[in-house]
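> Have a look at this one.
The values are calculated or read from the model by the stated rules, or taken from the named source; none is laboratory data. Note that this is a predicted model, so its numbers are computed, not measured. In this analysis, Cβ positions are derived from the backbone assuming ideal geometry, glycine residues included, and neighbour counts consider all displayed protein chains.
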Amino acid sequence: MTTLTDSVEVTDSTKEDKNIVYDTKNLNLWYGDDQALRDINLQITENEVTAIIGPSGCGKSTYLKTLNRMVELVPVVRTSGEILYRGKNIFDKTYQVETLRTNVGMVFQKPNPFPKSIYDNIAYGPRIHGIKNKKILDEIVEKSLRGAAIWDEVKDRLKDNAYGMSGGQQQRLCIARCLAIEPDVILMDEPTSALDPISTLKVEDLIQELKKSYSIIIVTHNMQQAARISDKTAFFLSGEVIEFSDTDKMFSNPKNKQTEDYITGRFG
Amino acid sequence: MTDERDLRVRDMIQANKRTVTFNSIIEKCIPTILFIIAIISILTTIGILFTLIRETIYFFRDVPFLDFFTGTKLKPLGDAAEFGILPLLTGTFISSAIAMLVAIPIGLMSAVFLSEYASDKVRRILKPILEVLAGIPTIVYGFFAFTFVTPLLNRFIPMLEPTNILSPGLVMGVMIIPMIASLSEDAMSSVPNAMREGALGLGSTKLEVTWRVVIPAAMSGIISSFVLGISRAIGETMIVAIASGSSKNFTFDVTQSMQTMTAYIVEVTGGDAPAGSTLYYSLYAVAFTLFVFTLIMNLIAQYISKKFREGY
Amino acid sequence: MKYVDANLVAKKMNGRLAANHISQIIFLLATLIGLVVLVILFYRVLMDGLGWINFDFLTNRLSTRPERAGIMGALLGTLWLMIVVAPVTMLLGIGTAIYLEEYAKKGRMHSFIQTNISNLAGVPSIVFGILGLTVFVRGLGFGNIVLAGGLTMSLLVLPIVVVASQEALRAVPQFLREASYGMGATKWQTIKNVVLPAAIPGILTGLILALSRAVGETAPLVVIGIPALLIPFPNGIFDKFTVLPMQIYYWTIDASIVEEYANLAAATIVVLLVVLLIMNSIAVMIRNKYQKRY
């Protein structure tokens, strides 16, 4: 299989950036007058799972949504600092947000399939990006559904409305929908918080599988989940990064007292 | 995961990007196109104001302002034409007053019943009936007033003329019931249940809760429904045009024929008034007066419901 | 010392409960008045009109002789009128709603357009007739043809479609928009492919209600000057025309001259009400079929 970086638009970046997907430098973010993110500096590495943990309201979801600029759907948002995606600042005036979001897929907290057929859900992304050929679409749909480990469950009912699926299936469908445009990075915003334990396990297995071809950033409120599936973990508190290190290290030997309190459940 | 027929969707997307500049042109044009469409509603208002005002000014070149608003004689045809709007104003206000005498109590009581007393099941039967009542074209009500209500009233009021203001007034009232009922009911149902429970918990009956808690709390919505009802009555055309005739007498006798502003407009436009004549311009002067009255009513209704929208 | 005399309360309670009971009955009766009027109205119209409805009545042209008069011309006129009103209101109504809900920044312009629309909704229909007469019939020189009547009617029912479409667009959950943006879709792609399809049932319901208002509306067309005379069937939007309500109007006011005209008017009302019933049933069907899918 060809390495993914070959097909990425911005491979001509400097050598030391090669394995860095996202480089966040001094990022601040405000909702109106409330500062939600303070001076964030983080580097996200290619083909790894990076988990972001922290208590609710700590800015972890906000940070994730800043990475594909979805946060701008809230009208009163202001930012300072920069986020380099593959070496280019995504806040740059000339940077096209649609291109960013094509390269960076997102899976949301609540499964959000379109009220269309399973097939049309998957084909949505390719279609809006100009792929109309029925044969190619068929192949993309199958490949994406296989990629999200849901093909066998739905292959006989591709024309059925996605709303007839169970919550866990819907979430894997949303992951498949995301895979259909072959993103470089996948952002996941508490993807299992609305799912039952068995579905959660399936999605976690899937994430392990996807890691081979994609860089994944996952926000989770579940520390066991972070420990199980991630390579690196960032601990957010009150809009700041308190600690960022290898997951093993953080969970076995946290450097910061607050981190320790949080992961041992003594927090708050 | 070695896929020989690797689709390389990302490459295809990249390839399409370069050719599909068309999309970005659409993306830039759409907001402008939609804005132009949205502006049409404003142009409509401007169009209404402009036509009414322009021709009304011409009218007041022929007829003094004061004569128009204080004149009790309306005799648009013939040599000694006179244009006093008072007969039309009395016609309009008397018919509206009769309508409101019907619509306000019945509409309000219906609203109370639907909001406070009716079970879900009963409500689900009664509300569609009111909707049907609201959906009947006014021309049908006009027919009903002329061919049924007037003959019926004639049995009790022998001196009732075949065309009179009473019958269309009553029918107009029926027509407005659903409007007042549904707007008032909306206002009452948005009164939080906690307020009702508070009063019921002290041993109040439902009637007392309705009078002392629900209606006062929903007052702004109820009043604004009345005002909108009046506005609707003032602007109603076909019922009065059919059932109230075209007498331009300045009178307060409801058994007689009277003409409303709207019915006058119907009569004049139906008569092919030559453009440029005073008669023709009088159409606009009357229409402008009508427009101002309904506009004021609507603004009052909006003001009331905005100003007093309680944050429970 | 006790302030509440339990005996007195108990004594009064019976009266209070009786008042409550009686008023409940009065309120019910008041609500039923609507039903009673409706029944009488339908009964009257059916008694007067039903006997006159037959194939000839539906397919004949207008005639001064009651037994030969038909409403084919009015039916065709109503149809042609809808052919103008439906696309025009759809384009203007949905376009305005999308602009207000999806594009316009919540500011002066937004609230100006919004206030303007709610005020337009309160303008008497006859005033729209005067606008149509001045602008379309005379100003643009269309004459009293279908197009002039249709455009006038479109402006009249526009607020209904705008408000219904706005509500439908607002009911589309934000997470669907997010899902689409997350795939790299542009704003218009999102609206066209996700938001509009999800909102279309609500929009259609509003559109049908607006059309049924236009089907029954008379006053603006009287002002525009629809002829009472015998005219050939309309064959397009540039022909002179008459519609069902106009036919009812002329037959009703002439009923004092020819008695049977009242029956013709009643028969036409039956036809008009059936048309409206069909339209409203479609609206209800759409509403029930697509209700609450999220």
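> Of all residues in segment B:119-141, which are of a type in the set (A, V, I, L, M, F, W, C) and either in contact with a Lys or Arg (Cβ under 9 Å, 6 or more places away or on another chain) or facing chain C (nearest Cβ under 7 Å) (or both)? If you could, list the steps in order and put the result at the bottom.
Applying the first criterion (of a type in the set (A, V, I, L, M, F, W, C)) to segment B:119-141 yields B:122, B:125-126, B:129-130, B:132-134, B:136, B:139-140.
B:Leu126, B:Ile129, B:Leu130, B:Val132, B:Leu133, B:Ile139, B:Val140, listed by residue number.
> Which residues, counting only those in segment C:249-274, are more than 17 Å from B:Thr138 (Cα to Cα) and outside any loop (DSSP other than H, G, I, E, B)? Reasoning before the result, please.
So the first thing to find is which residues in segment C:249-274 are more than 17 Å from B:Thr138 (Cα to Cα), and the list is C:254-261, C:263-264.
The answer is C:Glu260, C:Tyr261, C:Asn263, C:Leu264.
> Right, another one. Determine whether segment B:214-237 contains at least one residue that is surrounded by fewer than 17 Cβ atoms within 10 Å (Cβ to Cβ), more than 10 Å from every other protein chain (Cβ to nearest Cβ), at pLDDT 90 or above and not in a loop (DSSP other than H, G, I, E, B). Don't jump to the end; show me each part of the working.
Of all residues in segment B:214-237, those surrounded by fewer than 17 Cβ atoms within 10 Å (Cβ to Cβ) come to B:216, B:219.
If we keep only those that are more than 10 Å from every other protein chain (Cβ to nearest Cβ) too, we end up with B:216, B:219.
If we keep only those that are at pLDDT 90 or above too, we end up with B:216, B:219.
Then drop every residue that is not not in a loop (DSSP other than H, G, I, E, B), which leaves B:216, B:219.
Looking through segment B:214-237, at least one residue is surrounded by fewer than 17 Cβ atoms within 10 Å (Cβ to Cβ), more than 10 Å from every other protein chain (Cβ to nearest Cβ), at pLDDT 90 or above and not in a loop (DSSP other than H, G, I, E, B).
> On the basis of being modelled with pLDDT of 90 or more, under 19 Å from A:Gln258 (Cα atoms) and polar (S, T, N, Q), does A:Asn41 make the cut? Walk me through how you get there before you give the answer.
Details: modelled with pLDDT of 90 or more: yes; under 19 Å from A:Gln258 (Cα atoms): yes; polar (S, T, N, Q): yes.
Against the criterion (modelled with pLDDT of 90 or more, under 19 Å from A:Gln258 (Cα atoms) and polar (S, T, N, Q)), A:Asn41 qualifies.
Here is a yes/no grid of residues against (1) more than 18 Å from C:Ser125 (Cα to Cα); (2) in contact with a strand residue (DSSP E or B) (Cβ under 9 Å, 6 or more places away or on another chain); (3) of a type in the set (A, V, I, L, M); (4) surrounded by fewer than 19 Cβ atoms within 10 Å (Cβ to Cβ):
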position: C:Phe175; (1), (2), (3), (4): yes, no, no, yes
position: C:Ala210; (1), (2), (3), (4): no, no, yes, no
position: C:Leu221; (1), (2), (3), (4): no, no, yes, no
position: C:Ile224; (1), (2), (3), (4): no, no, yes, no
position: C:Phe233; (1), (2), (3), (4): yes, no, no, yes
position: C:Ile237; (1), (2), (3), (4): yes, yes, yes, yes
position: C:Leu264; (1), (2), (3), (4): yes, no, yes, no
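> Can I ask one more? If you check B:Val132 against the conditions, is it assigned by TED's automatic domain parsing to the domain that holds B:Val266 and under 22 Å from B:Ala233 (Cα atoms)? Give the steps one after another, and end with the answer.
Working: assigned by TED's automatic domain parsing to the domain that holds B:Val266: yes; under 22 Å from B:Ala233 (Cα atoms): yes.
For B:Val132, the condition - assigned by TED's automatic domain parsing to the domain that holds B:Val266 and under 22 Å from B:Ala233 (Cα atoms) - is met.
> Cβ-Cβ distance below 9 Å, separation of 6 or more or different chains: which pairs start in segment A:253-264 with a residue that is touching a residue at least 12 places away in the same chain (Cβ under 8 Å) and end on one that is aromatic (Phe, Trp, Tyr) and part of a loop (DSSP other than H, G, I, E, B)?
A:Gln258/A:Phe267
> Starting from residues that are within 17 Å of A:Tyr214 (Cβ to Cβ) and of a type in the set (S, T, N, Q), keep the ones in segment A:125-183 and report whichever is farthest from the other protein chains (Cβ to nearest Cβ).
Per the criteria, the residue is A:Gln171.
> So for segment C:212-225 (the condition being at pLDDT below 90, more than 30 Å from B:Glu27 (Cβ to Cβ), part of a loop (DSSP other than H, G, I, E, B) and assigned by TED's automatic domain parsing to the domain that holds C:Leu158), does at least one residue qualify? Steps first, please.
Our first condition is that a residue be at pLDDT below 90; within segment C:212-225, this holds for C:225.
Subset that is more than 30 Å from B:Glu27 (Cβ to Cβ): C:225.
Filter again for part of a loop (DSSP other than H, G, I, E, B), leaving C:225.
Then keep just the ones that are assigned by TED's automatic domain parsing to the domain that holds C:Leu158; that gives C:225.
Yes; the residues of segment C:212-225 include at least one that is at pLDDT below 90, more than 30 Å from B:Glu27 (Cβ to Cβ), part of a loop (DSSP other than H, G, I, E, B) and assigned by TED's automatic domain parsing to the domain that holds C:Leu158.
> Same structure, new question: Can you tell me which of C:Val135, C:Val161, C:Val127 is β-branched (Val, Ile, Thr), under 23 Å from B:Val292 (Cβ atoms), modelled with pLDDT of 95 or more and part of a helix (DSSP H, G or I)? Working first, answer last.
Details: C:Val135 fails: modelled with pLDDT of 95 or more; C:Val161 fails: under 23 Å from B:Val292 (Cβ atoms).
When all the criteria are applied, what remains is C:Val127.
> Quick check: is even one residue across segment C:1-14 aliphatic (A, V, I, L, M), in a helix (DSSP H, G or I) and facing another protein chain (nearest Cβ under 10 Å)?
Start the filter on segment C:1-14 by keeping residues that are aliphatic (A, V, I, L, M), which leaves C:1, C:4, C:6, C:8-10, C:13.
This time we only want the ones that are in a helix (DSSP H, G or I), so: C:6, C:8-10, C:13.
Those still in the list that are facing another protein chain (nearest Cβ under 10 Å) too: C:9, C:13.
Yes, segment C:1-14 contains at least one residue that is aliphatic (A, V, I, L, M), in a helix (DSSP H, G or I) and facing another protein chain (nearest Cβ under 10 Å).
> Within segment B:93-103, can one find any residue that is of a type outside the set (D, E, K, R), over 30 Å from B:Ser189 (Cβ atoms), out of contact with any helix residue (DSSP H, G or I) (no Cβ under 6 Å at 6 or more places or on another chain) and surrounded by fewer than 19 Cβ atoms within 10 Å (Cβ to Cβ)? Let's see the steps before the verdict.
The initial filter retains those residues of segment B:93-103 that are of a type outside the set (D, E, K, R), namely B:93-103.
Narrowing the set further to residues that are over 30 Å from B:Ser189 (Cβ atoms) leaves B:93-95.
From what's left, out of contact with any helix residue (DSSP H, G or I) (no Cβ under 6 Å at 6 or more places or on another chain): B:93-94.
With surrounded by fewer than 19 Cβ atoms within 10 Å (Cβ to Cβ) added as a condition, the list becomes B:93.
Yes - at least one qualifying residue is present in segment B:93-103.
> What tally of residues in segment B:183-195 results from selecting those that are in a helix (DSSP H, G or I) and surrounded by fewer than 19 Cβ atoms within 10 Å (Cβ to Cβ)? First the steps, then the outcome.
Filtering segment B:183-195 for residues in a helix (DSSP H, G or I) gives B:183-189, B:193-195.
Still in the list and also surrounded by fewer than 19 Cβ atoms within 10 Å (Cβ to Cβ): B:186, B:189, B:193-195.
Here the count works out to 5.
> Mind checking which residues of segment A:45-99 are of a type in the set (Gly, Ala, Ser) and surrounded by fewer than 20 Cβ atoms within 10 Å (Cβ to Cβ)?
Kept after step one, since they are of a type in the set (Gly, Ala, Ser), are these residues of segment A:45-99: A:51, A:54, A:56-57, A:59, A:61, A:80-81, A:87.
Result: A:Ser56, A:Gly57, A:Ser80, A:Gly81, A:Gly87.
> Can you tell me which of B:Ser282, B:Ser305, B:Ser246 is over 24 Å from B:Val171 (Cα atoms), surrounded by fewer than 23 Cβ atoms within 10 Å (Cβ to Cβ), out of contact with any Cys (no Cβ under 8 Å at 6 or more places or on another chain) and of a type in the set (S, T, N, Q)?
Details: B:Ser282 fails: surrounded by fewer than 23 Cβ atoms within 10 Å (Cβ to Cβ); B:Ser246 fails: over 24 Å from B:Val171 (Cα atoms).
So the residue among B:Ser282, B:Ser305, B:Ser246 that is over 24 Å from B:Val171 (Cα atoms), surrounded by fewer than 23 Cβ atoms within 10 Å (Cβ to Cβ), out of contact with any Cys (no Cβ under 8 Å at 6 or more places or on another chain) and of a type in the set (S, T, N, Q) is B:Ser305.
> Filter segment C:17-75 down to residues that are not in a helix (DSSP H, G or I) and not hydrophobic (A, V, I, L, M, F, W, C) and give me whichever is surrounded by the fewest Cβ atoms within 10 Å (Cβ to Cβ).
The initial filter retains those residues of segment C:17-75 that are not in a helix (DSSP H, G or I), namely C:53-54, C:60-65, C:69-71.
Filter again for not hydrophobic (A, V, I, L, M, F, W, C), leaving C:54, C:60-61, C:63-65, C:70.
On the way: C:Asn54: 11, C:Asn60: 16, C:Arg61: 16, C:Ser63: 12, C:Thr64: 10, C:Arg65: 8, C:Gly70: 19.
Checked segment C:17-75; the qualifying residue surrounded by the fewest Cβ atoms within 10 Å (Cβ to Cβ) is C:Arg65.
> Looking at (1) part of a helix (DSSP H, G or I); (2) touching a residue at least 24 places away in the same chain (Cβ under 8 Å); (3) within 10 Å of chain B (Cβ to nearest Cβ); (4) under 24 Å from the mean Cα position of the chain (by Cα), which one does C:Leu277 not meet, given that it meets all the others?
So the condition that C:Leu277 fails would be (2).
> Filter segment C:239-248 down to the residues that are buried (at least 22 other Cβ atoms within 10 Å of the Cβ) and in a loop (DSSP other than H, G, I, E, B), then identify the one that is nearest to the chain's Cα centre (by Cα).
Filtering segment C:239-248 for residues buried (at least 22 other Cβ atoms within 10 Å of the Cβ) gives C:241-248.
Imposing the further condition that a residue be in a loop (DSSP other than H, G, I, E, B) reduces the set to C:241-243.
On the way: C:Phe241: 20, C:Thr242: 18, C:Val243: 15 Å.
The qualifying residue nearest to the chain's Cα centre (by Cα) is C:Val243.
> Do we have any residue at all in segment B:160-179 that's among the acidic types (Asp, Glu), in contact (Cβ under 8 Å) with a residue 12 or more places away in the chain, closer than 24 Å to B:Gly245 by Cα and out of contact with any strand residue (DSSP E or B) (no Cβ under 8 Å at 6 or more places or on another chain)? Break it down into steps so the answer makes sense when it comes.
First, the residues of segment B:160-179 that are among the acidic types (Asp, Glu): B:161.
Among the residues that remain, those that are also in contact (Cβ under 8 Å) with a residue 12 or more places away in the chain are: B:161.
Cutting the leftovers down to closer than 24 Å to B:Gly245 by Cα gives us B:161.
Restricting the remaining residues to those that are out of contact with any strand residue (DSSP E or B) (no Cβ under 8 Å at 6 or more places or on another chain) gives B:161.
Yes, some residue in segment B:160-179 is among the acidic types (Asp, Glu), in contact (Cβ under 8 Å) with a residue 12 or more places away in the chain, closer than 24 Å to B:Gly245 by Cα and out of contact with any strand residue (DSSP E or B) (no Cβ under 8 Å at 6 or more places or on another chain).
> Scan segment A:63-70 and tell me whether some residue there is basic (Lys, Arg) and in contact (Cβ under 8 Å) with a residue 60 or more places away in the chain. Steps first, answer last, please.
Kept after step one, since they are basic (Lys, Arg), are these residues of segment A:63-70: A:65, A:69.
Next, from what is left, pick out any that are in contact (Cβ under 8 Å) with a residue 60 or more places away in the chain: A:65.
Checking segment A:63-70: at least one residue is basic (Lys, Arg) and in contact (Cβ under 8 Å) with a residue 60 or more places away in the chain.
> Under the condition of being over 14 Å from the mean Cα position of the chain (by Cα) and in a helix (DSSP H, G or I), which residue from segment A:47-86 is farthest from the other protein chains (Cβ to nearest Cβ)?
Pass one, segment A:47-86, residues over 14 Å from the mean Cα position of the chain (by Cα): A:54-59, A:72-84, A:86.
Remaining after also requiring in a helix (DSSP H, G or I): A:72-73.
Working: A:Glu72: 9, A:Leu73: 7 Å.
Here the answer is A:Glu72.
> Return a yes/no flag: does segment C:249-270 have any residue that is more than 13 Å from every other protein chain (Cβ to nearest Cβ) and either over 30 Å from B:Leu130 (Cβ atoms) or modelled with pLDDT under 90 (or both).
So the first thing to find is which residues in segment C:249-270 are more than 13 Å from every other protein chain (Cβ to nearest Cβ), and the list is C:258.
Right, trim to either over 30 Å from B:Leu130 (Cβ atoms) or modelled with pLDDT under 90 (or both) and you get C:258.
Scanning segment C:249-270, I find at least one residue that is more than 13 Å from every other protein chain (Cβ to nearest Cβ) and either over 30 Å from B:Leu130 (Cβ atoms) or modelled with pLDDT under 90 (or both), so the answer is yes.
> Given the conditions (1) within 14 Å of chain B (Cβ to nearest Cβ); (2) touching a Gly at 6+ places or on another chain (Cβ under 7 Å); (3) closer than 30 Å to A:Met188 by Cβ, report the number of the one that C:Ala171 does not fulfil.
Just one mismatch for C:Ala171, condition (1).
> Filter segment A:187-209 down to residues that are within 23 Å of A:Met250 (Cα to Cα) and among the aliphatic types (A, V, I, L, M), then give me how many there are.
4
> Here's a follow-up. For A:Val77, which of the numbered conditions (1) under 23 Å from A:Thr45 (Cβ atoms); (2) in contact with a Leu (Cβ under 8 Å, 6 or more places away or on another chain); (3) of a type in the set (A, V, I, L, M, F, W, C) fails to hold?
(1)
> Same structure again: Looking at (1) in a loop (DSSP other than H, G, I, E, B); (2) away from chain B (no Cβ under 11 Å); (3) surrounded by 23 or more Cβ atoms within 10 Å (Cβ to Cβ); (4) among the aliphatic types (A, V, I, L, M), find the lone condition where C:Ala185 falls short.
Every condition holds for C:Ala185 apart from (2).
> Out of (1) in contact (Cβ under 8 Å) with a residue 60 or more places away in the chain; (2) crowded, with 18+ Cβ neighbours inside 10 Å, what's the single condition that is false for A:Lys211?
Of the numbered conditions (1) in contact (Cβ under 8 Å) with a residue 60 or more places away in the chain; (2) crowded, with 18+ Cβ neighbours inside 10 Å, the odd one out for A:Lys211 is (2).
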